[in-house]
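The values are calculated or read from the model by the stated rules, or taken from the named source; none is laboratory data. Since the model is a prediction, treat every value here as computed from it, not as a measurement. Ideal geometry is used to build each Cβ from the backbone, glycine not excepted, and the neighbour counts take in all protein chains shown.
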Amino acid sequence: MTTVVSHASGAPLQTVTTRRARALAERLEQGARALDAAAGALTDSEWQTRIPGDGRTIGVVVHHVATMYPLEIQLAQVLAGGQPMTGVTWNVVHDINATHAKANAGVTKEAALDLLRLNSAAAAAAIRALSDEELDRAAPVSLNADAPLTCQFFLEDHAVRHSYHHLAKIRAALASSVA
């Protein structure tokens, strides 16, 4: 599955990058590379390890992170355009995650890592295309009780943080499976 991400205004992605946008994109890329490296080193057995409290396998979670980048960027672009994020609730997120887990239960390491590389690169390019003005725009976010959040905060809390969050869970799962 390939998803093309465009600029918040609908214009094609540009190469002009602000310092802030570049820093955000680099942090996303660092997290994706760390997840890629850790997941790439797993044995087939480790790939199938279930994450405590989550229930999904490591493989499904790696694929999940890769799959969510385009959606997280699309939602951030809504905020960058000054529009409220509506209809996105934690129940919706949980449903998306459950549907994804069922549909991708047998995902291979190669497929998940290929998608992680592709979608993290596209997400980083989309972040680099955002201006400081767009990063500063705030609008109500239904996922956060309609609190007015900036595009930058949403990016940091979702697309940028996502790989780090799940990598920590993966490491903990592997550590507890050894103990």
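Out of the range 144-171, which residues are free of Cβ contacts under 8 Å to residues at least 60 places away in the same chain and hydrophobic (A, V, I, L, M, F, W, C)? Before the answer, list the steps.
Taking the range 144-171 as the starting set, the residues that turn out to be free of Cβ contacts under 8 Å to residues at least 60 places away in the same chain are 144-145, 147-148, 153, 157, 165, 168.
Within the range 144-171, Ala145, Ala147, Phe153, Ala168 qualify.
I'm trying to understand the selection: among the residues of the range 1-50, which are hydrophobic (A, V, I, L, M, F, W, C) and at pLDDT below 95? Outline the logic, then answer.
Narrowing the range 1-50 to residues hydrophobic (A, V, I, L, M, F, W, C): 1, 4-5, 8, 11, 13, 16, 21, 23-25, 28, 32, 34-35, 37-39, 41-42, 47.
Across the range 1-50, the qualifying residues are Met1, Val4, Val5, Ala8, Ala11, Leu13, Val16.
When you scan the range 140-157, how many residues do you find that are touching a strand residue (DSSP E or B) at 6+ places or on another chain (Cβ under 6 Å), surrounded by 15 or more Cβ atoms within 10 Å (Cβ to Cβ) and either over 27 Å from Glu29 (Cα atoms) or not β-branched (Val, Ile, Thr) (or both)?
The qualifying residues number 3.
Can you say whether Val60 is more than 12 Å from His162 (Cβ to Cβ), without any contact (Cβ under 8 Å) to a residue 24 or more places away in the chain and part of a helix (DSSP H, G or I), as far as the supplied structure shows? Spell out how you get there, then give the answer.
Numbers: more than 12 Å from His162 (Cβ to Cβ): yes; without any contact (Cβ under 8 Å) to a residue 24 or more places away in the chain: no; part of a helix (DSSP H, G or I): yes.
Considered against the rule, which asks whether it is more than 12 Å from His162 (Cβ to Cβ), without any contact (Cβ under 8 Å) to a residue 24 or more places away in the chain and part of a helix (DSSP H, G or I), Val60 comes out as no.
Give me the pairs, please: first residue somewhere in the range 5-31 and under 23 Å from Val65 (Cβ atoms), second residue anywhere and at pLDDT below 95 and β-branched (Val, Ile, Thr), beta-carbon distance under 8 Å, and either six or more positions apart or on two chains.
Note: pairs meeting the criteria are Leu13/Val5; Ala25/Thr17.
For Lys109, are the conditions met, namely being farther than 17 Å from Gln30 by Cα, out of contact with any strand residue (DSSP E or B) (no Cβ under 7 Å at 6 or more places or on another chain), of a type in the set (Lys, Arg) and in contact (Cβ under 8 Å) with a residue 12 or more places away in the chain?
yes
Going through Leu174, Leu118 one at a time, which residue ends up being in contact (Cβ under 8 Å) with a residue 60 or more places away in the chain, closer than 17 Å to Arg56 by Cα, surrounded by fewer than 17 Cβ atoms within 10 Å (Cβ to Cβ) and among the aliphatic types (A, V, I, L, M)? So that I can check it myself, show each step before the final result.
Values: Leu118 fails: closer than 17 Å to Arg56 by Cα.
When all the criteria are applied, what remains is Leu174.
Determine whether Thr43 is over 14 Å from Glu156 (Cα atoms), touching a residue at least 40 places away in the same chain (Cβ under 8 Å) and of a type in the set (Ser, Thr, Tyr).
Values: over 14 Å from Glu156 (Cα atoms): yes; touching a residue at least 40 places away in the same chain (Cβ under 8 Å): no; of a type in the set (Ser, Thr, Tyr): yes.
Taking the combined requirement at face value, the residue does not satisfy it.
crowded, with 17+ Cβ neighbours inside 10 Å, out of contact with any strand residue (DSSP E or B) (no Cβ under 7 Å at 6 or more places or on another chain), modelled with pLDDT of 95 or more and more than 17 Å from His162 (Cα to Cα): is that true of Asn104 in this structure?
When the stated conditions are applied, Asn104 passes them.
If I go through the range 145-161 residue by residue, how many of them are within 17 Å of the chain's Cα centre (by Cα), within 18 Å of Thr89 (Cβ to Cβ) and of a type outside the set (Phe, Trp, Tyr)?
2
Please verify whether the range 84-98 includes one or more residues that are among the hydroxyl-bearing types (Ser, Thr, Tyr), farther than 26 Å from Ser45 by Cα and surrounded by 16 or more Cβ atoms within 10 Å (Cβ to Cβ). Walk me through it before giving the result.
Pass one, the range 84-98, residues among the hydroxyl-bearing types (Ser, Thr, Tyr): 86, 89.
Among the residues that remain, those that are also farther than 26 Å from Ser45 by Cα are: 86, 89.
Still in the running and surrounded by 16 or more Cβ atoms within 10 Å (Cβ to Cβ): none.
For the range 84-98, residues among the hydroxyl-bearing types (Ser, Thr, Tyr), farther than 26 Å from Ser45 by Cα and surrounded by 16 or more Cβ atoms within 10 Å (Cβ to Cβ): absent.
Select from the range 39-57 the residues that are assigned to a helix (DSSP H, G or I) and more than 20 Å from the chain's Cα centre (by Cα) and write down the one among them that is nearest to Glu110 (Cα to Cα).
Of everything passing the filter in the range 39-57, Asp44 is nearest to Glu110 (Cα to Cα).
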